[in-house]
Amino acid sequence: MEKGRSNPFLFWSMKVGNIELKSRVLLAPMAGITNVAYRTFMKEFGIGITFTEMVSDCGIIYENKETYKYLVTSPSEHPVAIQLFGGSKDTILKALKIIELQNIDYDFIDVNLGCPVPKVTKTGAGSAWLKRKDELYDMMSSLVKESKKPVTAKVRIGWDNQSINIEDIVTVLQDAGVSLITIHPRTRNQLYAGNANYERIKNIKSIMRSPLAISGDIFTLDDAIRAQKMTNADFIMVARGALGNPFLITQIDNYFKTGNKIEKATLDDQIKYLREYAKSLINLKGEYAAIHELRGIAPHFFKGFPNLKKYRLKLSTEMSTIADLNAILEEIKVNLL
């Protein structure tokens, strides 16, 4: 889709369940990052669906206060999915019933079938479901029947290289009635190492009735274009590629609407975006907690820009207040703009 050519995506449905989306770009759930402040901030760049951090079914059942914080949504971020994880049908269904009794404004229930970390998989949750197809169908079909909202799922291609079974898993999820399937083309054993294997799922769309979203190693617009062309996916899910680079969402959204490529954000833009995100996070968590969380995130806003190494270090080690952040940003503007 070069500039000036017709855009075939204009004629494709952007509907998931009963909801028409405004963008083909989805914001991936990320533990410790995608709180309501981050999601609301990112929504403005052109997100089709936001996803909460992973929410433990048992955390909901046992009324864990920290878990319940993950269920907070904002009116401005819709459509928004609550991402549940759990190791059994009974606990996931019980958590669903509790969610539906709460005054929570959400649009989808997403089930995490891809998390590879041992503390999750050892409980039977996340990628561990990929080894139990019959149980997976029973759980997902029951969830679809019980849920008042459409159900979606995020998966990996298999447990390890010897047991890649993504075609079987897609069939199970579709037969269960899932409204959207997101595939991260790594195995569980890869964790986050190596490369996302889009070659392995290049023909997966041919067996799918549900819309397909793809996720993994989307760090640039060209990454998104290449992955979509290879898989014919309906949606692109972006995770850490947009951390500190929110305008990547706009670039991808614009491309799949117009066929045109737009330039990356400028350094001045990045300073503005970081100020906006800091304000949103402070409103949610208070200055002390927000600024300390920003130590790990703020440096990402200046990744790839020349002559900013010392300022990235300052953001990660010398920032304790909003005044500190503003002082560092002003120093960047004075010296480099």
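The values are calculated or read from the model by the stated rules, or taken from the named source; none is laboratory data. Bear in mind that the values here come from a model prediction, so they are computed numbers and not experimental data. Here Cβ is always computed from backbone atoms with ideal geometry, including for glycine, and neighbour counts include all displayed protein chains. Ligands, DNA and RNA are stripped out before the accessible areas are found, and what is left, the full protein with its side chains, is counted by its heavy atoms. Shrake-Rupley method; radii C 1.70, N 1.55, O 1.52, S 1.80 Å.
Things worth noting here:
- The peptide list 313-326, 248-261, 35-48, put in order of mean Cβ contacts within 10 Å with the highest first, becomes 35-48, 248-261, 313-326.
- Helix axis angle, 267-285 relative to the chain longest principal axis, alpha carbon, degrees: 60
- The aspartates and glutamates within cross-link reach of LYS310, meaning a Cα-to-Cα straight distance under 17 Å and a gap of 8 or more places when in the same chain, are GLU318, ASP324, GLU330, GLU331.
- Taking only the alpha carbons of the range 234-303, we obtain Rg and Dmax values of 13.8, 43 Å in that order.
- Stokes-Einstein translational diffusion, the range 28-91 - Kirkwood Rh over all Cα pairs, 1.002 mPa s, 20 °C, in µm²/s: 176
- Full-extension gain in nm, THR220 to LYS119, via 0.36 nm per residue minus C-alpha separation: 33.3 nm
- In this simple spin-label approximation, LYS264 and LYS309 carry label points 7 Å from Cα along the Cα→Cβ vector, and these lie 1.7 nm apart.
- Sum of side-chain charges, LEU180 neighbourhood, beta-carbon under 14 Å (Lys, Arg +1; Asp, Glu -1): +2
- Inter-label distance, nm, simple model (7 Å from Cα along the C-beta direction), MET230/ASN161: 1.6
- Sites LYS65 and LYS272 - FRET efficiency at Förster radius 35 Å, r taken between beta-carbons, to 0.05: 0.50
- With 22 Å as the limit on Cα-Cα distance, the pairs of LYS15/LYS149; LYS69/LYS314; LYS15/LYS89 that go past it are LYS69/LYS314; LYS15/LYS89.
- Spatial separation of Cα centroids for the range 138-156 and the range 187-225, in angstrom: 21
- Exceedance of the 24 Å cut-off in Cα-Cα distance is limited, within the set LYS119/LYS229; LYS97/LYS131; LYS97/LYS145; LYS264/LYS309; LYS43/LYS272, to LYS119/LYS229; LYS97/LYS131.
- Inter-part distance, the range 172-186 to the range 263-333, computed on C-alpha centroids, equals 37 Å.
- Between the beta carbons of LYS279 and ALA193, assuming R0 = 41 Å, the FRET efficiency works out to 0.70 to the nearest 0.05.
- On Cα atoms only, tilt of 89-101 relative to the major axis of the chain in degrees: 60
- Share of pairwise Cα separations in the range 286-337, more than 18 Å, in percent: 23
- With contributions of -39500 (n - 2.57) from each DSSP H run of at least four residues, the per-residue ellipticity at 222 nm computed over the chain stands at -12000 deg cm²/dmol.
- For the range 192-337, the square roots of the Cα gyration tensor eigenvalues, ordered a ≥ b ≥ c, give a/c of at least 1.5 with a/b greater than b/c, which places it in the prolate category.
- Integer Hz, Karplus 6.51/-1.76/1.60 couplings in order for the range 294-306, x for Gly and Pro: 5, 4, x, 10, 3, x, 5, 5, 10, 5, x, 8, x
- Mean accessible surface per residue for the chain, computed with a 1.4 Å probe while every protein chain stays in place, in Å²: 45
- Taking ASP217, ASP110, ASP138 in turn, the Gaussian network model of the chain (Cα-Cα springs below 10 Å) assigns the largest fluctuation to ASP138.
- Angle between the chain longest axis and helix 322-336 axis [Cα atoms, degrees, rounded to 10]: 70
- Taken along the Cα-to-beta-carbon direction at a fixed 7 Å, the label points for ILE33 and GLU330 span 3.1 nm.
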